[in-house]
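**Student:** The structure under discussion is supplied below as structure tokens; questions concerning it will follow.
The values are calculated or read from the model by the stated rules, or taken from the named source; none is laboratory data. All of these numbers come straight from a predicted model, not from anything done at the bench. Here the Cβ positions follow ideal geometry from the backbone for every residue, glycine too, while neighbour counts run over all protein chains shown.
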Amino acid sequence: MKQWITRALAIAGLVGSGLTACGQTQNPSSAAAAPLGQPSIPVVLPMPVDKAGHTVQTEFWIPPKADGYRGFYAGLRVPFAPGDDAGRIRLIDSHPVKVRLMLHRIDEGRFEPVIFGISVRVSGPYEPGEFEPRKLPDGVAVSEGEYSSHSGMPRGTPDASFYQLSLAGAGKLTPGQYRLEATVLEDQPALRGLPVFLTFLESKWHK
């Protein structure tokens, strides 16, 4: 599997270091294993993005992990056939998706909000890249391309590879149960029929 990574994926780690809220600390004493048969990370759910108002909601578990987790982030994923990536990637990149995100940690029936954020470049155009974490305004995120994951399957194999986009980072989260909700905010007729998945993933590159 071959992957290309862009700097924007730093939101998963940067946001976690600068923004805190309920559920955004590593507290081993509150760790809870996912009940048998309950969904857990990674979250990958179908999400049509062509119509404003379409909402996906899911509950999932983050189980304990001996060496802790990297930051988490919400995003979108578009599958494509190897050798035919340009069409779908160009389409989603030319029509960024605006989504309102809400994430809560569920603790004994209480719903504790988790802050989403993004990293904002504060250095000049010809200076080394420096970024600061910022709270996501009104929970509204816009998709940004991150990397292509190539499976190595033969050219033309349907949906064998995927293109990952980021929406916003959630930082480091305490193991336990969470509820994620995402709502599309704008009509995008050009994206009708495009297979898109809502994702909630652990970052692979930031500890």
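**Student:** Quick check on region 82-102: of everything there that is touching a helix residue (DSSP H, G or I) at 6+ places or on another chain (Cβ under 9 Å) and not β-branched (Val, Ile, Thr), which residue is surrounded by the most Cβ atoms within 10 Å (Cβ to Cβ)?
**Tutor:** Selected residue: Leu101.
**Student:** I would also like to ask the following. Can you tell me which residue is modelled with the highest pLDDT among those in region 133-166 that are more than 25 Å from Leu185 (Cβ to Cβ) and assigned to a strand (DSSP E or B)? Reasoning before the result, please.
**Tutor:** To start, the set of residues in region 133-166 that are more than 25 Å from Leu185 (Cβ to Cβ) comprises 148-161.
Among the residues that remain, those that are also assigned to a strand (DSSP E or B) are: 148-150, 161.
Numbers: Ser148: 81, Ser149: 79, His150: 72, Ser161: 86.
Going through the qualifying residues, I end up with Ser161.
**Student:** Counting only residues that are in a strand (DSSP E or B) and more than 22 Å from Thr183 (Cα to Cα), how many does region 63-95 have?
**Tutor:** 1
**Student:** Within region 104-124, restricting attention to residues that are touching a Lys or Arg at 6+ places or on another chain (Cβ under 7 Å) and buried (at least 18 other Cβ atoms within 10 Å of the Cβ), which residue is modelled with the lowest pLDDT?
**Tutor:** Here the residue is Ile118.
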